[in-house]
Amino acid sequence: MPFPFKEPSPLPIGDIQKLKKETLPATEVKNHVLWVNPDFPEIPLDLPSSKQLKRAKAKQEQISSNLGIFLKSKDGERKVEIDSGHSRSGLLGRVIFKDCEGNLYRDVDAKGLGGSFVFGHARVVSNIVIREDGQSTGTVRKDYALHDRDMSEKLFSKGIRVVRVLGIIELEEIIPDQDGKKTSVKHAQAIGRLAPDTVPVLEIRAFGTHYRLSDPGKNLSDEEIWQAVRMLEDARSLVAAELSRSEKEFGWRDYFLWLWRTIGENLGRMHKNRMLHKYLTQGHNITLDGRIVDFDSVEELRESEESTARFDAEMVELHHAIKKFTEKFLRAITNQLDSENRTENLSGIMGEAEWQFIEAYEEENPTKES
């Protein structure tokens, strides 16, 4: 059973339906909503408005949500889309919606709903265990989620394109074992599946596309080429809709120049505001529509700290990383075009894209420390 959206989207949602998707069962657990983003007046999912939540808290009441779910090894009434590489999050659904500023979003995920791993040729739900660092696998701590929310909103206020937190749901139950039995958080702490001070929550997050630079296939086999191109086509169609351009006039050259420039702007604005992300170069924390995601690593430097060398290093490393990803993407697109006997002039894109990245970065962060 899919997650119910309040209204179907009247806008295009890209080519995502063509992609092969992997799902795992999930079930609703006892929960209550902690926080809802007031910048989203019409969230198309089962979350109260920030005003409704505030009124409930004033009455010392709690509001639960059917988004409060946890992965289950079998017989779950929900199906959650799982992407490889995203070990504790799953996609709840896709629908176009906007924030108060008119920015478009589509993919909604939940982070902290349990873990999974590949066993043989299938993905299965994993047990919840405490790691050496004291964190429990598959879960998100309340303090982590609040920090992620605060940092996301701070970056957004600086004009940086980010994935935003729609809401935070505190879980009163989890499913710690593959037997699928629900247990209270207190009992999970008592049996050593959660640390005594852990308050597990779900972060409900708003993306454009959930896919990251690192998601299109590693080896580019025939199947991976097809999947990679579909992911990229989907991102291109989303960006075209966001820019009010038709997909036909927003070709691959337009998309890659836009993507490189957007990433350059984001990084320039972060550095202008004396912020380092530190985990952008693997591609896992940048989406295919140029949004930054996951902010636990962000470091804010004091004015007294020397920063030029660190900023320059992050810029150069990210430049090399997205060049590597783009070269791979262009190979996949060329192979796909050849297999379909189609042609599109892709020559010179790399040089133009690199220039867009550098120019955008320097425009946003023109000052250099002496």
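We did not get these values from a lab; they are worked out from the coordinates using the rules stated. These figures come from a predicted structure and were not determined experimentally. All Cβ positions, even for glycine, are placed from backbone atoms using ideal geometry, and neighbour counts span all protein chains on display.
How many nm separate the modelled label positions at E223 and V129, each set 7 Å beyond the Cα in the direction of the Cβ?
My value for the distance between the label points is 2.8 nm.
Quick check: Cα centre of segment 235-291 to Cα centre of segment 32-79, how many Å?
The distance from the Cα centre of segment 235-291 to that of segment 32-79 comes to 30 Å.
Which entries of K21/K328; K142/K182; K111/K278 show an alpha-carbon separation above 29 angstrom in the structure shown? Present the calculation step by step, with values, prior to reporting the outcome.
Working: K21/K328 22 Å; K142/K182 20 Å; K111/K278 21 Å.
Beyond 29 Å between Cα atoms: no listed pair.
Could the peptides 147-159, 101-113, 191-203 be put in order, highest first, of the mean number of other beta-carbon atoms found within 10 Å of their residues?
Ranked by mean Cβ neighbours within 10 Å, highest first: 101-113, 191-203, 147-159.
Taking a cut-off of 15 Å between Cα atoms, list the aspartates and glutamates near K72, but don't count ones fewer than 8 places away on the same chain.
Here the aspartates and glutamates satisfying the reach criterion relative to K72 are E22, E28, E81, E173, D177, D179.
Going by a ≥ b ≥ c, the root eigenvalues of the Cα gyration tensor, does segment 16-206 fall in the rounded group (a/c under 1.5), the prolate group (a/b larger than b/c) or the oblate group?
Oblate.
Could you work out [θ]222 nm for the chain from helices alone, using -39500 (n - 2.57) per DSSP H run of at least four and dividing by all its residues? Round to the nearest 500 deg cm²/dmol.
-11000 deg cm²/dmol
For the residues E317, E233, what sequence is obtained by ranking on other C-beta atoms within 10 Å, fewest first?
Ranking E317, E233 by Cβ neighbours within 10 Å, fewest first, gives E317, E233.
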